[in-house]
Amino acid sequence: MVYAKLLCRALQPLQAHLNRCDIAGSVAVTGPEDPDARGPFFSGKSGANYEIGGLVFSLDDLEHGILRSSPDDDARSFQTEDPRRSVVIPRETFDPRIHFALNCGARSCPPIKLYTEENLETALALAAQAFCESEVEVNVATKTVTMSKILFWYGKDFGKTEEEVLSKVATFLKNGSDQRTELEELIRTGEVQVKYKDYDWTQNAA
């Protein structure tokens, strides 16, 4: 609940606008229909910026600057002197399950859900479980684990090594399930080949 309270407190000045940001940006500025257009759209270079509480944010700013706690090794993070750092979630309380809640409009993104301070812990747990059950494939015979590209791009948010990432993913799966048991067994062998699925950037119109 600590993360939930910090998250909601940080976003309190913004929350009235956040649910409409991506949609409003897509309406006011043509939404990205191909991979080459996604960078300018989410960085705000295409004009999809939002003035909230006197500060200007792009969708990248909201995701990487605030929700991901502005990690040091990410160029999209806020610099030390940036006044928007006042709403950054402290890195020590960052919860990587936020990746299973964010939706950029592509078909391979996690589904859109409603999150509140009261339901955040339960909702994130369910979102993480549902996403990993769907996107993590364990093949014991070939000792291969195939996962979403999200866990490749943001692997450092889940662990320092590939083994740590896999171990973290295992905790998101239902305890006692065949999928979790098989994954944990492969991790114990130390002989796991990790592959990542191609990401479907097709715009999800649903």
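Carbon and sulfur together cover what percent of the accessible area of segment 47-206 at a 1.4 Å probe radius?
Ligands and nucleic acids excluded, carbon and sulfur reach 48 percent.
What is segment 129-170 by shape, rounded, prolate or oblate, if you read a ≥ b ≥ c off the alpha carbon gyration tensor as root eigenvalues and call it rounded for a/c under 1.5, prolate for a/b larger than b/c, and oblate otherwise?
Oblate is the answer for segment 129-170, as a/c is 1.5 or above yet b/c matches or exceeds a/b.
Taking amide H atoms as placed 1.01 Å from N in the peptide plane, list the residues 5 or more away in sequence, or in a different chain, whose amide H sits under 5 Å from that of I52.
F57
Give me, ordered by chain and number, the residues 5 or more places off Q203 or on other chains with an amide H under 5 Å from its own placed amide H.
Under 5 Å from the amide H of Q203: no residue qualifies.
If packing is taken as the mean number of other Cβ atoms within 10 Å per residue, what is the order of 137-144, 37-44, 126-133, highest first?
Highest-to-lowest ranking by the protection proxy: 126-133, 37-44, 137-144.
Work the Kirkwood hydrodynamic radius out for segment 22-181: mean of 1/r over every pair of different alpha-carbon atoms, inverted, in Å.
Here the Kirkwood hydrodynamic radius works out to 17.3 Å.
Per residue, how large is the accessible surface of segment 121-206? Use a 1.4 angstrom probe and give square angstrom.
Per-residue accessible area for segment 121-206 comes out at 58 Å².
Once phi is turned into θ = phi - 60°, what whole-Hz ³J(HN,Hα) does the Karplus curve with 6.51, -1.76 and 1.60 give for every residue of segment 163-168, x standing for Gly and Pro?
5, 5, 5, 4, 5, 5
The values are calculated or read from the model by the stated rules, or taken from the named source; none is laboratory data. Since the model is a prediction, treat every value here as computed from it, not as a measurement. So basically every Cβ, Gly included, is an ideal-geometry build from the backbone, and we count neighbours across all protein chains shown. Calculation scope for accessible area: heavy atoms of the full protein, side chains included, ligands and nucleic acids excluded. Shrake-Rupley method; radii C 1.70, N 1.55, O 1.52, S 1.80 Å.
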